[in-house]
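Take a look at the structure set out below.
The values are calculated or read from the model by the stated rules, or taken from the named source; none is laboratory data. These numbers come from a predicted model, not from an experiment. Backbone-built Cβ (ideal geometry, glycine too); neighbour counts: all protein chains shown. Only protein heavy atoms, including side chains, enter the accessible area calculation; ligands, DNA and RNA are left aside. Shrake-Rupley method; radii C 1.70, N 1.55, O 1.52, S 1.80 Å.
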Amino acid sequence: MISFQVPQAIQQANLSAVRLIVSDLDGTLTASDRLSAALIEAFEQLAAAEIRVLISTGRSVGWGMALAQYLPVAGVMTENGGAICWPEQAPIILSPIAAIADHRQQLQQCFQQIQQHWPQLQAAADNAFRQTDWAFDVTGLTEADLTQIAAIAMEQGLDFVYSAVQCHLLPRGQSKGRSLWQVCQSTFPALQPEQIVTVGDSPNDASLFAEFPLSVGVANLVPYLPRLPQPPRYLCQQPEVAGFLELVEVLLRDRA
């Protein structure tokens, strides 16, 4: 078990300098797998306070294009850092993949090898809309199973992450945190690290917690804390979008 410092309560945070929120989607901005009117209202309040929102999700580029178009957010980083979707623009691949078709064949072959050990696993329905990663079931897999799957992926020259929603095979070195640095340098170059707050709920958000000093977990992250190399600095009392709204309240409080 990894030892770690207990995160502080989000109410103790001083977030007065924050100008950008980078948040996971499923389990962080949702409630029972749905987006809510309260979330949209919070996005609008943040925009009025000149705080931008960037979603960082394990969902596909196809999902990201739709979310970026219809939600009042700056953009959507998809596939655990694999691509960025801006409104009214074609998605931009962030990982240095030489040939997407060959890469996707490698991902599929690795998944087929995993299926030999866990034949019940099913590929995600949206893999047809993915570019950089391959998603499949997480339901029913134990911590030991996940460790073995990660070892298989590594043998095949790939990385592996998982969330409460899905498992993902992806290129070595691809992560939400690393790609966020890349996006910030190209799109938000004036922002300093202390002006960015990252938010998540699952192990695939670990790089957001480790690489940015102002990181926040919603309460449903708690069962995963022992598995994280580094916990978030702050923790909300409430799970899912209710926890995200706690963060929004602190951000707006600091600007009152």
Given (1) within 27 Å of V218 (Cα to Cα); (2) exposed (fewer than 14 other Cβ atoms within 10 Å of the Cβ), where does H117 come up short, assuming only one miss? (1)
Which numbered condition trips up I97, out of (1) aliphatic (A, V, I, L, M); (2) in contact (Cβ under 8 Å) with a residue 40 or more places away in the chain; (3) not in a loop (DSSP other than H, G, I, E, B)? (3)
Of residues in segment 33-78 being free of Cβ contacts under 8 Å to residues at least 12 places away in the same chain and small (G, A, S), the one nearest to L94 (Cα to Cα): A66
Which pairs have Cβ atoms under 6 Å, sit 6 or more apart or on different chains, and link a residue in segment 121-148 that is open to solvent by 60 Å² or more (accessible area, probe 1.4 Å) to one that is of a type outside the set (A, V, I, L, M, F, W, C)? Q122/D137; F129/S60; F129/G62
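Hey, does segment 217-227 have a residue that's surrounded by 22 or more Cβ atoms within 10 Å (Cβ to Cβ), in contact with a Cys (Cβ under 8 Å, 6 or more places away or on another chain) and closer than 24 Å to E44 by Cα? Break it down into steps so the answer makes sense when it comes.
Residues of segment 217-227 surrounded by 22 or more Cβ atoms within 10 Å (Cβ to Cβ): 217-218, 221.
Of the ones still in play, those that are also in contact with a Cys (Cβ under 8 Å, 6 or more places away or on another chain) are 217-218.
Going one step further and asking which of them are closer than 24 Å to E44 by Cα, we end up with 217-218.
Yes - at least one qualifying residue is present in segment 217-227.
Tell me which residues, restricted to segment 1-34, are assigned to a loop (DSSP other than H, G, I, E, B), within 16 Å of the chain's Cα centre (by Cα) and aliphatic (A, V, I, L, M). Explain how you work it out, then say what you get.
As a first pass, look at segment 1-34 and keep what is assigned to a loop (DSSP other than H, G, I, E, B): 1-7, 13-19, 24-30, 32-33.
Applying the additional criterion that residues be within 16 Å of the chain's Cα centre (by Cα) yields 24-30, 33.
Listed by number, the residues that qualify are L25, L29.
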Of everything in segment 228-256, what is more than 16 Å from the chain's Cα centre (by Cα) and either assigned to a helix (DSSP H, G or I) or of a type in the set (V, I, T) (or both)? Give them in sequence order. A242, L245, E246, L247, V248, E249, V250, L251, L252, R253
In segment 175-215, residue surrounded by the fewest Cβ atoms within 10 Å (Cβ to Cβ) [restricted to those that are of a type in the set (V, I, T) and outside any helix (DSSP H, G or I)]: I196
